[in-house]
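What follows is one structure encoded as structure tokens, with my remarks underneath.
The values are calculated or read from the model by the stated rules, or taken from the named source; none is laboratory data. Because the structure is predicted, anything quoted here is derived from the model rather than measured. All Cβ positions, glycine included, derive from the backbone under ideal geometry; neighbour counts span all protein chains shown.
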Amino acid sequence: MEQEQEQSKITAEYGIDFTFVTFEDENILEESQIRELQKSLEPIIEKNKDSQMVLNFANVKFMTSAMLGLLVRIHKRVGERGGKLELRNLDKNLCKLFEITQLTKIFNIT
């Protein structure tokens, strides 16, 4: 499995038919931080092609609504490329955020 460390504190691991991305930051709050994440995720999405992409939130405790917007855009881009997006290891408070915003209807959360 190939592994890359990105500047914006994410780690991407590439398997045969999946890409596993781990967010390293506990808090994703700043607009500049979200822009940097988007910039770092774009080449990963391109490399993912028609595979499954898993976003691992095990380290994340807080994030803003701007990050939710980025996740919706990622979901759309992955789907346009024939892939599937899955969110894993969401903190219970983050799960509530997805439920309140009804994003549980869009995202596959495990």
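Worth a mention:
- For the stretch 57-67, the set of residues classified as closer than 16 Å to GLU24 by Cα and in a helix (DSSP H, G or I) consists of MET67 only.
- Scanning the stretch 31-50 for residues that are assigned to a loop (DSSP other than H, G, I, E, B) and modelled with pLDDT of 95 or more yields nothing.
- The set of residues in the stretch 97-110 that are of a type in the set (Phe, Trp, Tyr) and either assigned to a helix (DSSP H, G or I) or at pLDDT below 95 (or both) contains only PHE98.
- Evaluation of VAL54 against (1) more than 15 Å from PHE107 (Cα to Cα); (2) in contact with a Phe, Trp or Tyr (Cβ under 7 Å, 6 or more places away or on another chain); (3) modelled with pLDDT of 95 or more (one fails), failing number: (1)
- Checked against (1) charged (D, E, K, R); (2) outside any loop (DSSP other than H, G, I, E, B); (3) within 13 Å of the chain's Cα centre (by Cα), ASP25 passes all but condition (2).
- LYS76 being without any contact (Cβ under 8 Å) to a residue 12 or more places away in the chain, surrounded by fewer than 16 Cβ atoms within 10 Å (Cβ to Cβ) and charged (D, E, K, R): yes
- Among the conditions (1) in a helix (DSSP H, G or I); (2) closer than 19 Å to ASN27 by Cβ; (3) not acidic (Asp, Glu), the only one that ARG77 does not satisfy is (2).
To keep it simple, each residue is scored yes or no on (1) out of contact with any strand residue (DSSP E or B) (no Cβ under 6 Å at 6 or more places or on another chain); (2) surrounded by 14 or more Cβ atoms within 10 Å (Cβ to Cβ); (3) in a loop (DSSP other than H, G, I, E, B).
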site: LEU55; (1), (2), (3): no, yes, no
site: GLY69; (1), (2), (3): yes, no, no
site: GLY82; (1), (2), (3): yes, no, yes
site: GLU86; (1), (2), (3): no, yes, no
site: CYS95; (1), (2), (3): yes, yes, no
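- Qualifying residues in the stretch 2-24 (those that are surrounded by 16 or more Cβ atoms within 10 Å (Cβ to Cβ) and at pLDDT 95 or above) - the one nearest to ASN93 (Cα to Cα): PHE23
- The stretch 57-67, residues that are surrounded by 14 or more Cβ atoms within 10 Å (Cβ to Cβ) and of a type in the set (A, V, I, L, M, F, W, C): PHE57, VAL60, PHE62, MET63, ALA66, MET67
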